[in-house]
Amino acid sequence: MITIDSPLDMHLHLRDANMLKIVAPLSAKSFSAAIIMPNLVPPITTIEAVISYKNRILDATSKYNFEPLMTLFFQDSYDFEFLQKAKKHIKAIKLYPQGITTNSANGIKSIDSKSLQMTLSAMSELDIPLCVHGESDGFVMDREAEFLPIYEDLATNFPKLKIIMEHITTKQSVELLNKYDNLFATITLHHLLITLDDVAGGMLKPHLFCKPIAKRYEDREALLKVALSANEKVMFGSDSAPHPIDKKESCGCAAGVFSAPIALQALAELFEKHDALENLEKFVSLNAQKIYNFIPNKKRITLKKIKFKVPSQYADIVPIFANSELSWSIVA
Ligand code: DOR
Ligand code: ZN
């Protein structure tokens with residue numbers, strides 16, 4: 001048995017409308033709070049949109065003690081005055097390169113410290129963390145590595161700005177974390193478990209297809225090393241990104257792995273397998289509290305070694321490991 005105080009998911013897609021009503025309670029059952037991604041259509045770019053989206057999430061999760069930690073979709077027009085007003089409604093701002101992933105058409109074309117100077121210096125001054133989807137538009141396996149010089153430029157020129165490298169997938173990203181005090185990272189469950197072989201090495205597995213794509217064995221090793229040791233630079237962010245089954249099992253498969261309802265159970269199994277259960281609470285809660293400098297709502301989640309059969313679907317969404325059996329269940 002293991003009890004975790006206030007598990008946190010520091011990168012979560014909850015979508016909107018019907019989908020929100022299906023997936024939000026599944027996260028709210030397991031987690032005390034989550035960083036909510038702003039890539040709706042249209043993206044969340046105003047304070048009013050943040051507040052009303054937050055209310056829709058709270059409505060959908062009213063049975064649970066769950067705090068949505070809201071974000072804005074980065075725009076280079078955000079100035080100090082706007083951000084000063086926004087600050088009390090958000091925990092971070094998420095920057096997407098234009099067109100690089102789902103619903104990022106309104107992202108930023110050229111990302112560098114000079115052209116984003118106004119917004120990034122205001123964020124730095126106001127202590128608003130910058131979350132980044134760090135991929136170039138190059139060859140799919142090289143996209144994350146090609147983006148690293150941009151992280152270096154931002155980290156060097158805004159040394160007080162907290163920069164979160166979202167869902168890192170490569171050993172080069174892990175290495176970069178050590179070079180800059182202001183760089184941190186989220187790591188997903190699926191990137192700790194799978195490589196490109198699982199996605200495309202045999203029969204194509206659409207439910208494992210996501211951005212950034214899972215990489216090589218040595219990359220997964222590097223991610224596992226920092227996650228299992230609960231290195232203080234990294235924290236759990238599921239990047240659980242649901243799409244309806246017809247958008248996944250289709251020619252033109254949408255990117256995104258839906259993992260939220262099974263994430264804690266699978267993490268317990270993974271940490272136990274590597275004899276690292278004592279570090280799980282740091283990875284899924286304490287590290288994020290330190291990095292983001294906040295205290296979450298109290299919520300204790302107890303997991304027990306009881307077999308848990310992952311459902312084949314939650315409504316019309318297929319979770320990772322559908323129909324398979326995990327060795328841990330949430331009991332309270
Ligand atoms: O796989 C992904 N799905 N990666 C992203 O960056 C976006 C996400 C989504 O919103 O579906
Ligand atoms: Zn995401």
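Every read-out reported here was derived from the displayed coordinates using simple, explicitly stated rules and does not represent laboratory data. In this text, all values refer to a predicted model and were calculated from it rather than measured experimentally. Please note: Cβ atoms are built from the backbone with ideal geometry, for glycine as well, and neighbour counts cover all protein chains shown.
Any idea which residue in region 166-202 is nearest to residue 226 (Cα to Cα), counting only those that are β-branched (Val, Ile, Thr) and in a helix (DSSP H, G or I)?
If we filter region 166-202 for residues that are β-branched (Val, Ile, Thr), which is where we start, we get 168-170, 174, 186-188, 194-195, 199.
After this cut, where a residue has to be in a helix (DSSP H, G or I) as well, the list is 174, 199.
Values: 174: 8, 199: 23 Å.
So, considering only residues that are β-branched (Val, Ile, Thr) and in a helix (DSSP H, G or I), the one nearest to residue 226 (Cα to Cα) is 174.
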Name the strands (runs of 3 or more DSSP E) wholly inside region 1-79 in which the number of residues that are under 16 Å from the mean Cα position of the chain (by Cα) and within 15 Å of ligand 1 (Cβ to nearest atom) is 3 or more.
-> 8-12, 33-36
Go through region 234-267 and give me each residue that's more than 16 Å from ligand 1 (Cβ to nearest atom), buried (at least 18 other Cβ atoms within 10 Å of the Cβ) and more than 23 Å from residue 308 (Cα to Cα).
-> 234, 235
So which pairs qualify, if the first residue must be in region 186-203 and over 11 Å from residue 263 (Cα atoms) and free of Cβ contacts under 8 Å to residues at least 40 places away in the same chain, the second must be in a helix (DSSP H, G or I) and of a type in the set (Gly, Ala, Ser), the Cβ gap must be under 6 Å, and the two must be at least 6 apart or on different chains?
-> none
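Sort out which residues of region 222-253 are under 26 Å from residue 17 (Cβ atoms), more than 17 Å from the chain's Cα centre (by Cα) and not in a helix (DSSP H, G or I), and write them in order of number. Spell out how you get there, then give the answer.
First, the residues of region 222-253 that are under 26 Å from residue 17 (Cβ atoms): 237-253.
From what's left, more than 17 Å from the chain's Cα centre (by Cα): 244-253.
Selection gives 244, 249, 250, 251, 252, 253.
Would you check which residues across region 80-108 are among the aliphatic types (A, V, I, L, M) and in a strand (DSSP E or B) and list them?
The first filter runs over region 80-108 and keeps only residues among the aliphatic types (A, V, I, L, M), leaving 83, 86, 90, 92-93, 95, 100, 105, 108.
Selection gives 92, 93, 95, 108.
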Does region 163-170 contain any residue that is among the polar types (S, T, N, Q), within 16 Å of ligand 2 (Cβ to nearest atom) and touching a helix residue (DSSP H, G or I) at 6+ places or on another chain (Cβ under 8 Å)?
-> yes
Just to be sure, is residue 311 part of a loop (DSSP other than H, G, I, E, B) and within 25 Å of residue 210 (Cβ to Cβ)?
-> yes
Assuming residue 187 fulfils every condition listed in (1) in contact with a strand residue (DSSP E or B) (Cβ under 8 Å, 6 or more places away or on another chain); (2) surrounded by fewer than 16 Cβ atoms within 10 Å (Cβ to Cβ); (3) of a type in the set (Val, Ile, Thr) apart from one, which condition is it?
-> (2)
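When you go through 19, 37 one by one, which is the residue that is crowded, with 24+ Cβ neighbours inside 10 Å and within 16 Å of ligand 2 (Cβ to nearest atom)? I'd like the intermediate steps shown before the answer.
On the way: 19 fails: crowded, with 24+ Cβ neighbours inside 10 Å.
None of the others qualify; the one that does is 37.
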Out of 113, 77, sole residue that is surrounded by 15 or more Cβ atoms within 10 Å (Cβ to Cβ) and farther than 30 Å from residue 199 by Cα | 113
For region 22-33 the number of residues that are more than 15 Å from ligand 2 (Cβ to nearest atom) and either closer than 15 Å to residue 259 by Cβ or free of Cβ contacts under 8 Å to residues at least 60 places away in the same chain (or both) is 8
